[in-house]
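Please read the structure below before turning to the comments.
Just so it is clear, none of the values below were taken in a lab; they were calculated from the coordinates. Note that the structure is a prediction, hence the values are computed from the model and not measured. Don't worry about glycine lacking a Cβ; one is built from the backbone with ideal geometry, like all the others, and counts go over all protein chains shown.
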Amino acid sequence: MAKNENTARKSGPRPDGLKQPPSKWPLVAALDVGTTKIACLAGYPGEDGGLGSIAGLGTATAAGMHKGVVVDIGDAAAAIEDAVEQAAAAAGT
């Protein structure tokens, strides 16, 4: 994958050893919404576009779900928000 000159990393250490100032780290997240558990993994991308380092993990008991289907959007959203907030806090954001 070719790098865009506008998004090229400049300077400063990153947790995964790449050089870029902390204020420029692009934190990304993965969300797994299951019937019994919601999980959110936060991390920083690596040089090759893959996962460079894991920064935080959050989990919550799933609510508003039944057999993999959302049955109460409010409860499901609250559980997702809880998992995301935990991951963000663990990542220090």
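For the stretch 27-49, enumerate the residues that are surrounded by fewer than 16 Cβ atoms within 10 Å (Cβ to Cβ) and either touching a Cys at 6+ places or on another chain (Cβ under 9 Å) or among the aliphatic types (A, V, I, L, M) (or both).
Leu27, Val28, Ala30, Leu31, Asp32
Look through the stretch 47-75, keep the residues that are within 18 Å of the chain's Cα centre (by Cα) and not in a strand (DSSP E or B), and return whichever of them is nearest to Asp32 (Cα to Cα).
This residue is Ala62.
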